[in-house]
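Here is the structure we will look at, set down as structure tokens.
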Amino acid sequence: MKGTQDFIIHLKDPYKKTFKTKGGLKLYGNINYTTERQSNRIATVVGLPSLYKTEIKQGYEVLIDASPIYRQIYRGAKQWYQNIVDDDKNLFHLGKEMIICFRKNKSADWIGFLENSIVKPILEEQNKINTILIIPANASEKKFNGKAVMRFVNSEINELGVENGDILYINKLGGVKYWLNGEEFWWMRNKDIYAKEIV
């Protein structure tokens, strides 16, 4: 199968019955309320776009933006998937901007696609001071101060010297939350990555 401008992907199950917590505990959820956590983000490419060249090949796995598989409720009725190509075969069409990372197979490392990367935010302990409640001196909360660890770098940022494992200064508003195996990462675009920390 070939697409025109879009990739054709196979998504075995758009939604999982369970999702993992950070500690590895499996929980059952209602996909109307836990859509982000239960949506399947890993798909297989079965068709390539005809109108442009790409380093992604048929059979590669891709991490996707799950918004095309969200189903809106309109006047009490749940709408069907907006990017469906073949309902019986679970085939969807996705524009290139909806693909975040790719890899050749399950044993290969993920590579950021176009201007997309996956980072792990660094959350630092902060003493919490509250004027209304009295909180013990050792009480703390984790706060994001604009630093993250690069996990899956794209080629454009990689050519500038950023590699997986580097500590980066990024937009303090953060990225789009992205869960893999129960662990929270952030999906970042190049414009929100400001600098690399030099040790």
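Every read-out reported here was derived from the displayed coordinates using simple, explicitly stated rules and does not represent laboratory data. Everything numeric here is computed off the predicted structure, so don't read it as measured data. All Cβ positions, glycine included, derive from the backbone under ideal geometry; neighbour counts span all protein chains shown.
Look at the alpha carbon pairs under 8 Å that are at least 6 residues apart: their mean separation over the length of the chain gives a relative contact order of 17 percent. Among the trypsin sites (Lys or Arg not before Pro) in segment 29-78, those placed in a DSSP loop whose Cβ has at most 14 other Cβ atoms within 10 Å are 53, 57, 75.
The fraction of all Cα pairs in the chain landing in successive 5 Å bins from 0 to the largest distance is 1, 7, 13, 16, 17, 15, 13, 8, 5, 3, 2, 1, 0, given as whole percents. Extension gain for residue 173 to residue 2 (0.36 nm times residue separation, less C-alpha to C-alpha distance): 57.7 nm. Radius of gyration over Kirkwood radius for segment 7-109, both on Cα atoms: the Rg/Rh ratio is 0.99.
Can you tell me what share of the DSSP beta bridges in the chain is antiparallel? A percent to the nearest 5 is fine. In the chain, DSSP labels about 95 percent of beta bridges as antiparallel.
By the helix-only formula, in which each DSSP H run with n ≥ 4 contributes -39500 (n - 2.57) and the sum is divided by residues, the chain has a 222 nm mean residue ellipticity of -1000 deg cm²/dmol.
Scan segment 148-178 for trypsin sites (Lys or Arg not before Pro) in coil per DSSP, keeping those whose Cβ has at most 12 other Cβ atoms within 10 Å, and list them by number.
On the way: sites: 151, 172, 177; in loops: 172.
Qualifying residues, ordered by number: 172.
DSSP loop GluC sites (Glu not before Pro) in segment 158-197 with at most 16 other Cβ atoms within 10 Å of their Cβ, which ones? Don't jump to the answer; show the numbers that get you there.
Numbers: sites: 159, 163, 183, 184, 197; in loops: 163, 197.
Listed in order of number, the matching sites are 163, 197.
Among 150, 1, a tally of other beta-carbon atoms within 10 Å of each Cβ gives an order, fewest to most, of 1, 150. Taking θ as phi - 60° and the Karplus parameters 6.51, -1.76 and 1.60, the scalar couplings of segment 60-65 work out to 5, 8, 9, 8, 10, 6 Hz in sequence order, x denoting glycine and proline.
If the chain linking residue 44 and residue 17 were pulled fully straight, counting 0.36 nm for each residue of separation and taking away their Cα-Cα distance, it would gain 7.7 nm. One quarter of the convex hull surface built on the alpha carbon atoms of segment 57-116 amounts to 5.2 nm², the projected area averaged over directions.
Under the convention that each Lys and Arg Cβ holds +1 and each Asp and Glu Cβ holds -1, the size of the dipole of the chain around its Cα centre is about 600 debye. Relative to the current alpha-carbon distance between residue 75 and residue 53, full extension at 0.36 nm per residue lengthens the span by 3.8 nm.
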